[in-house]
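Notes to accompany the following structure.
Please treat every number below as a calculation from the coordinates, not as lab data. Note that this is a predicted model, so its numbers are computed, not measured. Positions of Cβ are generated from backbone atoms using ideal geometry, with glycine treated the same way; all protein chains shown enter the neighbour counts.
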Amino acid sequence: MEVLWENILISIVAFAILYFLLHKYAFSKLFAIMEQRRELVMNQMNEAAETRKQAALYVEEQKKALDQARQEAHEIIERSRQTSNKQAEQLIEQAKEETVRLKAEAVRDIENEKNKAVEELRGELGSVSVKIASKLIEREVKTDEAQEQLVDQYLKEVGGRS
Amino acid sequence: MHESPIIKFGGFHLDLSAVIMLFVTCTIVFVLVRLAVRNLSVENPSKLQNFMEWVVEFVQGIVASAMDLKKGKGYISLGLTLILFIFVANLLGLPFAIITDLPANFEVFGKTIEATRNLHDGYMAHVLWWKSPTADISITAGLAIIVFILMNYLGLKLNRKHYLKHYLEPFPIFLPLNIIENLAKPVALAIRLFANIFAGEVLITVILKMGILGIPFLAVWQGFSIFVGALQAFIFTILTMVYIAQTTIHEEAAH
């Protein structure tokens with residue numbers, strides 16, 4: 001086996017031609033596509049990460065909104081309970097006042113009726129006793145002054161007893 | 001020993017088998033790569049494109065192991081061409097060889113094949129036409145010389161000061177040693193590749209002599225030869241990248 005410089009030359013030329021052909025017609029395109037592919041994958045990964053972050057944010061927001069709603073509902077219930085309690089107290093208060101007022105009115109009415117009855121009774125008794133007295137004593141009581149004095153004295157005795 | 005079909009143009013020896021095999025190798029590599037990049041697609045790559053991308057990533061790994069990938073981007077094409085060319089070249093000689101027995105003064109294109117010149121009547125020249133191109137030391141030497149020229153040229157162009165300084169390190173007296181070291185690199189590249197592939201082909205020839213008994217051995221050896229061919233292509237490529245990295249890249253930490 002001998003080394004032929006012609007073969008060396010031929011192989012160098014052949015390799016150089018192959019290199020330039022491949023570089024020009026194949027590898028540059030392939031590298032560009034691979035770069036694009038890499039970018040595509042990178043973009044998709046970034047997008048996925050972004051979406052995940054957004055989703056987490058959204059869930060957090062939802063949770064917050066839910067919490068807020070729950071708290072509001074709780075407040076509303078609390079408030080309505082308080083107002084109902086107050087109303088009930090007010091009603092009871094009013095009812096009490098009403099009863100007191102009614103009772104006082106009733107007492108006053110009774111008093112009035114009683115006074116009226118006493119007055120009436122007194123008048124009636126006066127005239128009846130005059131009749132009785134005039135029948136009993138007839139002529140002895142002539143003057144009105146003496147008559148009335150007598151009636152009053154009598155009535156006092158009756159009123160004191162009653 | 002088989003002869004090469006060499007014809008003479010004036011003083012120029014043209015080895016027809018080398019020309020044919022180089023042409024076949026280059027054509028196969030080019031067609032393979034062209035098929036792979038025929039329907040390039042970002043979204044939906046074909047199987048061949050996937051394969052080619054795997055090869056590119058493999059070579060990127062080789063380059064990245066030798067140097068910073070940012071600086072080595074331009075060498076990926078070179079590495080790809082080297083690894084594909086050498087791998088295909090190594091495999092070409094495995095399935096068969098074409099050997100013809102030629103009579104005296106056999107002529108091709110009107111030129112006499114040198115090996116058959118002045119043969120005595122009745123003698124035949126065994127001329128080997130189809131073989132691995134890398135089983136020829138001249139061709140592996142050609143590849144190694146490309147690497148040699150490239151690494152020294154790139155060293156001078158990109159890293160002149162440190163490249164020249166490295167010849168005088170650690171002491172100026174080491175200059176001859178450094179020159180020898182530099183020259184030994186392409187020689188080692190050429191001989192390693194040639195010897196591995198040539199030995200493989202020789203052993204195939206030997207096993208063929210065993211006849212039917214040799215078939216299992218032949219199967220095993222051919223499988224191993226595929227492995228060796230891939231391995232040698234890988235070694236050649238990675239050494240090329242390492243040599244280029246050594247001459248072009250000055251590492252601060254190294255000194």
Exercise for review: At q = 0.23 Å⁻¹, work out log10 I(q)/I(0) for the stretch B:19-68 with the Debye formula, treating every Cα as an identical point scatterer and leaving solvent out; two decimals please.
Suggested key: -0.85
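For the protein assembly as shown, give the magnitude of the charge dipole about the Cα centre (Cβ charges: +1 Lys/Arg, -1 Asp/Glu; no others), in debye to the nearest 20.
Values: 42 positive and 46 negative charges, 371 e Å.
Using only the charged Cβ atoms, the result is roughly 1780 debye.
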Exercise for review: Compute the FRET efficiency between residue B:230 and residue B:112 as 1/(1 + (r/R0)^6), taking r as their Cβ-Cβ distance and R0 = 41 Å, and round to the nearest 0.05.
Suggested key: 0.55
Exercise for review: Hey, could you get me the Stokes-Einstein D for chain A, Kirkwood radius over alpha-carbon pairs, 4 °C and 1.567 mPa s, rounded to whole µm² s⁻¹?
Suggested key: 44
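Averaged across B:50-63, how many Cβ atoms of other chains sit within 10 Å of each residue's Cβ atom?
Numbers: counts 0, 0, 5, 5, 0, 1, 4, 1, 0, 0, 2, 0, 0, 0.
Going residue by residue through B:50-63 and averaging, the value is 1.
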Check your understanding: Roughly how big is the stretch A:30-161's charge dipole about its Cα centre, with Cβ charges of +1 (Lys, Arg) and -1 (Asp, Glu), in debye to the nearest 20?
Key -> 480
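So which trypsin sites (Lys or Arg not before Pro) in the stretch B:156-213 end up in coil per DSSP with only 10 or fewer other C-beta atoms within 10 Å? Let's see the in-between values first.
Numbers: sites: B:157, B:160, B:161, B:165, B:192, B:209; in loops: B:209.
In loop regions of the stretch B:156-213 (DSSP not H, G, I, E or B), the sparsely surrounded trypsin sites (Lys or Arg not before Pro) are B:209.
Based on DSSP H runs of at least 4 residues, each adding -39500 (n - 2.57), what is the mean residue ellipticity at 222 nm of chain B after dividing by all its residues, to the nearest 500 deg cm²/dmol? Could you put the intermediate results ahead of the total?
Working: 7 runs with 154 residues, N = 255.
Helices in chain B give a 222 nm mean residue ellipticity of -21000 deg cm²/dmol.
Ignore the peptide's own chain and count Cβ atoms of other chains within 10 Å of each Cβ in A:25-37; give me the average, rounded.
Working: counts 4, 14, 9, 2, 3, 11, 7, 2, 8, 9, 1, 4, 7.
Across the residues of A:25-37, the mean count of other-chain Cβ atoms within 10 Å is 6.
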Revision key, fill the gap. For the protein assembly as shown, whose charge dipole is built from +1 on Lys and Arg Cβ atoms and -1 on Asp and Glu Cβ atoms, the candidate among A:112, B:197, A:4 with its Cα farthest towards the positive end is A:4
Study note, to complete from the structure: From the Cα centre of the stretch B:184-247 to that of the stretch A:71-134, the distance in Å is 126
Point to revise | Sites excluded, GluC sites (Glu not before Pro) in DSSP loops with at most 14 other C-beta within 10 Å, longest stretch of chain B | key: B:44-250
Check your understanding: Calculated from DSSP H runs of 4 or more alone, at -39500 (n - 2.57) each and per residue, what is the 222 nm mean residue ellipticity of chain A, nearest 500?
Key -> -33500 deg cm²/dmol
Revision key, fill the gap. Expressed as a whole number, the average count of other chain Cβ atoms within 10 Å around the Cβ atoms of B:5-18 is 2
Study note, to complete from the structure: In degrees, nearest 10, the alpha-carbon axis of helix B:76-92 is tilted away from the dominant principal axis of the alpha carbons of chain B by 20
Review point. Which value results when the Cα radius of gyration for chain B is divided by 2.2 N^0.38 Å?
Key: 1.20
Exercise for review: Within the stretch B:58-156, list the trypsin sites (Lys or Arg not before Pro) lying in a DSSP loop whose Cβ has at most 14 other Cβ atoms in a 10 Å radius.
Suggested key: B:70, B:117
**Study point:** Degrees, to the nearest 10: B:16-36 long Cα axis against longest axis of chain B
**Key:** 60
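Are there chymotrypsin sites (Phe, Trp or Tyr not before Pro) in the stretch B:94-147 that DSSP marks as loop and that have at most 16 other Cβ atoms within 10 Å, and which are they? Write out the running numbers ahead of the final one.
Working: sites: B:96, B:106, B:109, B:123, B:129, B:130; in loops: B:96, B:106, B:109, B:123.
Those that pass, being in a loop and sparsely packed, are B:96, B:109, B:123.
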Exercise for review: Please report how far the C-alpha centroid of the stretch A:42-57 lies from that of the stretch B:7-61, rounded to the nearest whole angstrom.
Suggested key: 41
Practice item. Would you mind finding the longest exposed-site-free stretch of chain A, with exposed GluC sites (Glu not before Pro) meaning DSSP loop and at most 16 other Cβ atoms within 10 Å? Key: A:3-137
Point to revise | C-alpha long axis of helix B:137-158 to longest principal axis of chain B, angle in ° | key: 20
Study note, to complete from the structure: Links exceeding 27 Å between C-alpha atoms in this model, out of B:8/B:209; B:47/B:131; A:29/B:70; A:53/B:47; A:29/B:161; B:73/B:161, come to B:8/B:209; B:47/B:131; A:53/B:47; A:29/B:161
Exercise for review: Have a look at A:34, A:54, A:127 and report the one farthest towards the positive end of the charge dipole of the stretch A:30-161, computed about the Cα centre with Cβ charges (Lys/Arg +1, Asp/Glu -1).
Suggested key: A:34
